[in-house]
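Okay, so here's the structure we're looking at.
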């Protein structure tokens, strides 16, 4: 305590030695007030930054969980799309096309390897779901964005056939559905 008393006496004596004019004491008071205001602004700014950081961290966590959820949904849709197109490794190729003559020769027992060599010009061909989708996507009207794909799908629901390997569509009916959908109007999303 001796040292504290000496320090206060030294401070008091140094203050006594400094005899301030009223202008100097006013300046000192203003400086103290300005320093206090600066410290308060600085502390408020730090608190604001901490609040923003906290909000950004929670937002980032929320976005990250949404991103993970969307990635899983995309993966499910991609898997479903691959299954529908028939491009999974264990399934039949999506480009497999069955003609009426080949269908009679193979029956429901299976599909022979020479069926994939059929020509595109034969209107009696049957297309698997994946091949029908590929045909729709390659149609010039679809490539130009003039076709409502949902309308094409609705039109094809009524003409689907089952050939023992899954749903099949006559190529001519797929072309007709695309062309009739074009007459009904363009794609509403474009």
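Some notes on this structure:
- Remark: 85, 39 ranked as 39, 85, counting other beta-carbon atoms within 10 Å and listing the fewest first.
- Legend: ranking of residues 149, 136, 19 from fewest to most surrounding C-beta atoms inside 10 Å; resulting order 19, 149, 136.
- Mean shadow area of the stretch 16-83, taken as a quarter of the surface of its Cα convex hull (nm²): 6.9 nm²
- Sorted by Cβ density within 10 Å, fewest first, the residues 45, 139: 45, 139
- Extension reserve of the residue 80-residue 46 stretch, reckoned as 0.36 nm per residue once the Cα distance is removed: 7.2 nm
Values in this text are rule-based calculations from the coordinates and carry no lab data. Quick caveat: nothing in here was measured; it's all calculated off a predicted structure. When we count neighbours, we look across all protein chains shown, and the Cβ atoms used for this are built from the backbone with ideal geometry, even at glycine.
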